[in-house]
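K.L.:
Pasting in a structure now, in structure tokens, and then I'll have a few things to ask.
The values are calculated or read from the model by the stated rules, or taken from the named source; none is laboratory data. Nothing here was measured: the structure is a model prediction, and the numbers come from that model. Cβ placement follows ideal geometry from the backbone for every residue including glycine, while neighbour counts extend to all protein chains displayed. All accessible areas refer to the heavy atoms of the entire protein, side chains included, with ligands and DNA or RNA removed. Shrake-Rupley method; radii C 1.70, N 1.55, O 1.52, S 1.80 Å.
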Amino acid sequence: MLESKLSRRVVAAFAGAALAAAVALPAAAEPQPHMTAALAALKTAEGELARASHDKSGHRVKALSLIRSAIGQVEAGIRFDNRH
């Protein structure tokens, strides 16, 4: 009897966890070719700036900061669009 109650609780717990996971998952993401292309270009630019020589009077560092901010904004935009 105790074993039966325990196994029902375990099954109920797994079912609840599965339901929670299904609800938490976003719907299938819509293709975003332009955002994806922009993100790839920004990441390429970030890599090029990171490898550039450092004697740019702070402009390279500022550009890197702006590129990284732009990457974050594009990623946030993609996530937002995928949820709505």
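K.L.:
Out of curiosity, is residue 29 in contact with a helix residue (DSSP H, G or I) (Cβ under 7 Å, 6 or more places away or on another chain), open to solvent by 60 Å² or more (accessible area, probe 1.4 Å) and either of a type in the set (Ser, Thr, Tyr) or modelled with pLDDT of 55 or more (or both)?
P.N.:
Answer is yes for this residue.
K.L.:
Given the structure, is residue 70 over 28 Å from residue 30 (Cβ atoms) and touching a residue at least 12 places away in the same chain (Cβ under 8 Å)? Walk me through it before giving the result.
P.N.:
Numbers: over 28 Å from residue 30 (Cβ atoms): no; touching a residue at least 12 places away in the same chain (Cβ under 8 Å): yes.
No: the conditions fail for residue 70.
K.L.:
Could you figure out which of (1) open to solvent by less than 100 Å² (accessible area, probe 1.4 Å); (2) modelled with pLDDT under 90 isn't true of residue 14?
P.N.:
(1)
K.L.:
Taking the residues in the range 33-49 that are open to solvent by less than 50 Å² (accessible area, probe 1.4 Å) and within 14 Å of residue 63 (Cβ to Cβ) as candidates, determine which candidate is nearest to the chain's Cα centre (by Cα).
P.N.:
42
K.L.:
Residues of the range 54-84 being at pLDDT below 95 and of a type in the set (S, T, N, Q), which ones?
P.N.:
Correct list: 82 only.
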